[in-house]
Each structure stands twice: as C-alpha cells, then as structure tokens.
Amino acid sequence: MLHSPAMTDTNLPAASIPLPLRGAEIGSFAHDTISRRLPMIGRRVRDENDLAPEAARAVAALADEMPDAPVRPLRDPGAPDLALWDAYLAPYAGQSWLQVPWFVAETYFYRRVLEATGYFRPGPGCGVDPFALQKRLGLAHTRLDHEPGDMAAAILGALWGNQADLSLWPVGEGDGPGGAYLLADDTAAATDLIVHLAAVRARVDMILDNVGAELVHDLALADALLAVGLRVIMHAKPHPTFVSDALITDVRLTMGWLAELPSPAAAIGARLGAALDAGRLELRDGWYWTSSLAGWELPADLRADLATSGLLISKGDANYRRWLGDRHWPYATRLDHVLAYLPAPMLLLRTCKSDVAVGLDPARMAEAAARDPQWITGGRWGVIQLFRHGSESGISA
C-alpha cells in the first residue's frame with residue numbers, strides 16, 4: 001500500500017509510481033548506508049555522548065542488529081509519536097532493515113537512536129540531543145560567504161550550504177566533497193517568481209535540512225526574502241534526526257550566533273530576530289517532517305496549510321527524496337509529472353547525495369558522469385529546480 005493508515009490525503013504524482021529504493025539492492029548507495037554508514041553513526045553516538053550504561057548498551061545493540069535483523073515496533077512507552085510509528089511500520093512486519101524501503105529504514109534508524117537514549121522518557125537522556133556535539137562543531141566551522149541583498153546569490157548559497165551534511169562528513173573526519181556543479185538551474189525563474197510574490201506580500205515556506213553552514217545560508221536566504229516584503233515560515237524537525245537536521249532550538253541558537261558576529265552577519269541576525277518578534281518570520285515543526293511518509297502522503301491539515309503558501313522551498317537531499325517518494329524514477333522524468341500532487345509551487349535546492357532524481361537533461365547527466373563517477377551521490381553536484389504549480393514546465397535546463 002502507498003498510504004499509511006495515519007494518512008487522510010491521496011493526491012498522487014501524475015506519472016506511474018516506480019518501486020522504492022531498498023538496501024537489499026547489493027552494491028547500491030542504499031545498501032552501503034544500511035549495512036555500514038548507519039551502524040557507524042550509531043557507534044559514534046555511543047562514543048560521543050556520556051550515556052547511562054543502559055542507553056549505551058541499547059545504542060550498541062541497535063548498531064549490531066543491522067542490517068539483517070527484522071525491524072520491530074518502537075519500545076518507547078509514552079512517546080508522543082508511538083502510534084504514528086506503529087502505523088508507519090505495519091506494512092513491513094517481519095522484513096529486515098535491508099528489505100524495507102531505504103527511506104523507511106533511515107527515518108526509523110534515527111527514531112530508534114532516540115528510543116535507545118531515552119529522549120522521550122524521564123531520565124538522564126530526556127530531551128538530550130545525541131548529535132549535539134557534531135552540531136556544535138559544524139557551526140563552529142561555518143562562515144557566511146556572500147553579501148546580503150542578492151537574491152540569486154542567496155539561493156545559490158542555500159544550495160551549496162547543503163554540502164555540509166554531518167551524517168556523511170562528520171566534523172574532524174576529513175573534508176566535505178568540495179566542488180560545485182549544477183545539473184539544473186532554474187534560478188532566473190525562481191527569482192522572477194519571488195519578485196511577483198513580493199508584490200502581493202505572499203508567504204514563503206522553507207522546509208529546513210541541516211544545521212551549521214546550511215542553516216546559516218538558509219537564514220541568509222530568509223533575510224533576503226523578508227527584505228522584499230515576504231512573510232517566511234521555516235519548518236524544522238520536532239526531534240533530532242539525520243545527525244544534523246535542524247530543530248527550532250537550533251534555528252534560534254544559530255540566529256543568536258549570527259547576531260554576535262561582525263557585520264554583515266550580525267545585521268542579518270538582528271533583522272531575523274526583529275522579524276521573529278514581529279511575526280513576519282515564524283518557526284514551526286511537526287511529526288510529518290520526521291516520518292517515513294512520501295510527499296504525496298501529506299496529512300490533510302498540513303496540505304491545506306501549505307496550499308496557502310506562495311512558494312515552498314525544499315532544502316537538502318532527504319527532503320528531495322521525500323517529495324519523490326525515494327523511488328526509482330528515470331532521471332529524465334518530468335519534474336511536474338512527479339510533483340503534480342503538491343498544493344503550491346516548490347523550489348528544490350539540493351546537492352546530490354543519493355541516487356534519486358528527476359527533471360535532468362540527459363546530455364548534462366552524461367557530461368556529469370564523464371567528469372565524476374559519483375556525480376549522483378558524492379555531494380559535488382546540485383540542482384536548483386522550480387516546480388510551478390499547474391505549469392507545463394519540463395526538463396530543467
């Protein structure tokens with residue numbers, strides 16, 4: 001079944017929906033993630049945190065059961081999302097980490113980390129972010145590298161900030177991918193749409209991804225949007241996930257960090273603080289953003305709310321995968337055929353860290369593959385793709 005019992009909305013892509021990526025595809029990036037990367041992240045959580053002995057054992061056991069053990073329901077009494085996760089996992093009862101869809105396995109893994117550390121239970125781990133050290137180090141190594149006021153530069157900065165992904169490149173374990181090559185570039189169309197939206201004082205929603213360099217540049221983009229008269233809503237995660245994904249507390253902390261730097265960063269931080277106080281900038285979170293659900297499984301209330309937005313800005317690889325259902329779409333599939341279910345236009349800013357993509361030009365793909373064998377997963381290539389709601393736009397140039 002495509003839809004969880006918890007969902008009430010059945011809007012689907014216009015194109016026929018292919019199979020999801022799974023870790024069982026030997027040699028794939030998904031297989032490497034489930035069999036190697038996620039257990040390594042679990043062991044790093046154990047090593048980087050002062051966990052109670054029971055929590056340390058639980059985290060180690062989680063890492064050790066991957067990838068061949070069956071996934072199981074959460075054992076987290078009293079957690080506010082327990083019923084949701086029972087519904088998400090119900091279709092996969094008895095399946096192993098490798099057999100369930102990759103996106104399900106990843107989101108479930110990070111939720112299991114919180115179960116192990118006691119994030120939602122009374123005790124020493126309650127409310128403690130197990131990835132806080134990596135987040136702090138990521139912010140300490142961040143700088144803002146463009147002047148405010150240039151919308152195109154702000155969009156580009158928000159895109160390449162997505163290279164700073166601590167689940168792939170932990171601080172202190174080597175440099176990130178480096179390089180910056182565009183596979184699709186709809187910047188001009190996006191800036192034109194933003195000018196139109198500014199004229200009518202519309203709302204823009206940003207679906208956030210990582211803290212550190214990415215969030216700093218996302219805040220710079222929010223500042224640019226606010227400067228032209230738009231209202232901005234930033235959607236964060238309700239609990240720690242994917243190592244460096246932003247919580248509302250991370251957004252507030254980063255705004256304060258900006259305000260303490262020399263100008264122009266300090267001026268950006270001050271303007272954002274004033275906009276937050278005035279209600280022109282709003283911070284929200286919600287359980288959907290940490291769920292295993294596809295984009296076309298938006299809860300009806302969230303879908304209705306996002307339908308009032310003039311533009312959705314989706315940040316990062318995991319959000320991109322969600323909107324595409326993390327499925328085996330042919331890369332040249334028309335963007336509007338997949339995203340036809342969305343209730344509003346969407347600007348996708350994503351560096352490629354997984355082999356999921358649509359809307360790509362075959363000639364550009366061939367050029368990328370010739371230059372870089374890891375072009376679709378290595379984080380050196382990115383897309384700026386604009387879906388115009390109800391439009392007939394095809395492959396991005």
Next item on the list: Hey, could you check segment 185-216 for residues that are aliphatic (A, V, I, L, M), buried (at least 19 other Cβ atoms within 10 Å of the Cβ) and over 18 Å from His389 (Cα atoms) and say which is modelled with the highest pLDDT?
Entry: Leu208
Note to self: Quick check on my filter: what residues within segment 330-378 are in contact with a Pro (Cβ under 6 Å, 6 or more places away or on another chain) and either surrounded by 22 or more Cβ atoms within 10 Å (Cβ to Cβ) or outside the structural domain of Asn210 (by TED's automatic domain parsing) (or both)?
What the structure shows: Val338
Item checked: Enumeration of residues in segment 55-88 that are in contact with a helix residue (DSSP H, G or I) (Cβ under 9 Å, 6 or more places away or on another chain), assigned to a helix (DSSP H, G or I) and either basic (Lys, Arg) or in contact (Cβ under 8 Å) with a residue 40 or more places away in the chain (or both) -> Ala55, Arg57, Ala58, Val59, Ala61, Leu62, Leu84, Tyr88
Next item on the list: Find the residue count for segment 41-53, including only residues that are in a helix (DSSP H, G or I) and exposed (fewer than 13 other Cβ atoms within 10 Å of the Cβ).
Entry: 2
Check: Tell me, which residue of segment 3-34 that is at pLDDT 95 or above and within 30 Å of His389 (Cβ to Cβ) is surrounded by the most Cβ atoms within 10 Å (Cβ to Cβ)?
Finding: Leu21
Next item on the list: Can you tell me which residue within segment 276-297, out of those that are aliphatic (A, V, I, L, M) and surrounded by 22 or more Cβ atoms within 10 Å (Cβ to Cβ), is farthest from the chain's Cα centre (by Cα)?
Entry: Leu281
Checklist line | Residue satisfying condition, being farther than 26 Å from Leu137 by Cα, under 19 Å from the mean Cα position of the chain (by Cα) and of a type in the set (Asp, Glu), within set Asp301, Asp326 | finding: Asp326
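The values are calculated or read from the model by the stated rules, or taken from the named source; none is laboratory data. Computed from a predicted structure; not experimentally measured. Virtual Cβ from ideal backbone geometry, glycine too; neighbours counted across all protein chains shown.
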